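Peer 1: Before I ask anything, here is the structure I am working with.
Here, each number is a calculation from the coordinates, and none is a lab measurement. In this text the structure is predicted, and so the values were computed from the model without any measurement. Every residue, glycine among them, receives a Cβ derived from its backbone with ideal geometry; neighbour counts consider all protein chains shown.
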Amino acid sequence: MAFPISKRRKISEPDGGRSIYRACPETFFNGAEMKAKALLFDLDGTLLNTLEDLADSFNYSLQQSGFPTHETESYKQFVGEGALKAIERALPEGEKNPEIIQKVLSVFNHHYFQNCFKKTKPYEGILPLLEKLKSEKIRLGIITNKSQHFAEQTVLYYFKNNFDLLIGEQKSFPKKPDPKSVFYALDYFQVSKDEVYFIGDSKTDMQTAQNAGIKSIGVLWGFRTKKELIDNQANVLIEQPEKILKYIL
């Protein structure tokens, strides 16, 4: 598995240094789409159901820091933009200062490191899908706002060598929906925008695809709602992982 930061591969600036944000065409799926050569996946809520382990660790960190906890379902709206943002959303009003957030984050990181495999599992149908995609020689990458350390830990544990590229939250890349990580992946895989799809469960993922000018597939088994995906211009919605094959082969 290639983790791009450890590779230290020199990547040219996208579009010769011009603005990397651009509008997404109204539709890509018009009957003339090109076969995919690469797929980029979100992680939490798309490949892995991490909700309970995340909620347990966030609640533990809040409780240990003297703050009220939340129902597990609440974390579907809290997570998706990195742990710092999740903690900020979970803290009571008036307690969202940087010092408190860092204190809670420190407890969270320690607890999640020891407990991130207890309840997490791949969504039904994901493992057979990955096997099929690999047999079709499609390059597979993950772009997530989960920290690089935890992303590597969970991906290696659950998926071993299924993925060719993993970009998590780190200093070298801004978080989604900034498209810099997508442009890196395009260069890394040596594919065009017409040959790659971004697959995710949230508005952040759909916005990432739009900002990069690539096609998006919204999944309905994840943390966020169908309405959120539609409102953020998902090019297509699917209810089961195997349905991805209809659009990319």
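Peer 1: Could you tell me the largest-minus-smallest coordinate of the C-alpha atoms of the stretch 88-143 on each of the three principal axes, in descending order and whole angstroms?
Peer 2: Its Cα atoms span 52, 22, 17 Å along the three principal axes.
Peer 1: Per DSSP H run of at least 4 residues, take -39500 (n - 2.57); add these up for the chain, divide by its residues and hand me the 222 nm value, nearest 500 deg cm²/dmol.
Peer 2: Only helices count here, giving -11500 deg cm²/dmol.
Peer 1: Here is a further query. Can you give the angle from 0 to 90° between the axis of helix 148-159 and the longest principal axis of the chain, with both taken from C-alpha atoms, to the nearest 10?
Peer 2: The angle comes out near 70 degrees.
Peer 1: Apply the Karplus parameterisation 6.51 cos²θ - 1.76 cosθ + 1.60, with θ equal to phi minus 60°, to every residue of the stretch 82-99 and state each ³J(HN,Hα) to the nearest whole Hz, in sequence, with x for glycine and proline.
Peer 2: x, 5, 4, 5, 4, 5, 4, 5, 7, 6, x, 4, x, 10, 9, 7, x, 5
Peer 1: Not counting the cut sites, what is the longest span of the chain without trypsin sites (Lys or Arg not before Pro) that DSSP labels loop and that have at most 15 other Cβ atoms within 10 Å? Working shown, then result.
Peer 2: Values: sites that count: R8, R9, K10, R18, R22, K35, K96, K118, K119, K137, K160, K171.
With a cap of 15 other Cβ atoms within 10 Å, the longest stretch comes to 172-249.
Peer 1: Counting DSSP beta bridges with both partners in the chain, what percentage is antiparallel, nearest 5?
Peer 2: Values: 3 of 24 bridges.
If we restrict to bridges inside the chain, about 10 percent are antiparallel.
Peer 1: Roughly how tilted is helix 51-64, in degrees to the nearest 10 and between 0 and 90, from the longest Cα axis of the chain?
Peer 2: For 51-64 against the chain, the angle is about 30 degrees.
Peer 1: What residues of the stretch 49-77 lie in the reach of a label at E93, counting those whose backbone N is under 20 Å from a point 7 Å from the Cα along Cα→Cβ?
Peer 2: 67-71, 74-75, 77
Peer 1: Which angle from 0 to 90°, rounded to the nearest 10, does the C-alpha axis of helix 180-189 make with the longest principal axis of the chain?
Peer 2: That works out to roughly 50 degrees.
Peer 1: If you don't mind, another one. List the aspartates and glutamates whose alpha-carbon lies under 20 Å from that of K35, not counting same-chain residues fewer than 8 positions away?
Peer 2: E26, E131, E136, D164, D187, D194, E195, E242
Peer 1: Give me the Debye-computed log₁₀ of I(q)/I(0) at q = 0.29 Å⁻¹ for the stretch 51-115, equal point scatterers on Cα only, no solvent, two decimals.
Peer 2: Debye intensities relative to I(0), on a log10 scale: -1.52.
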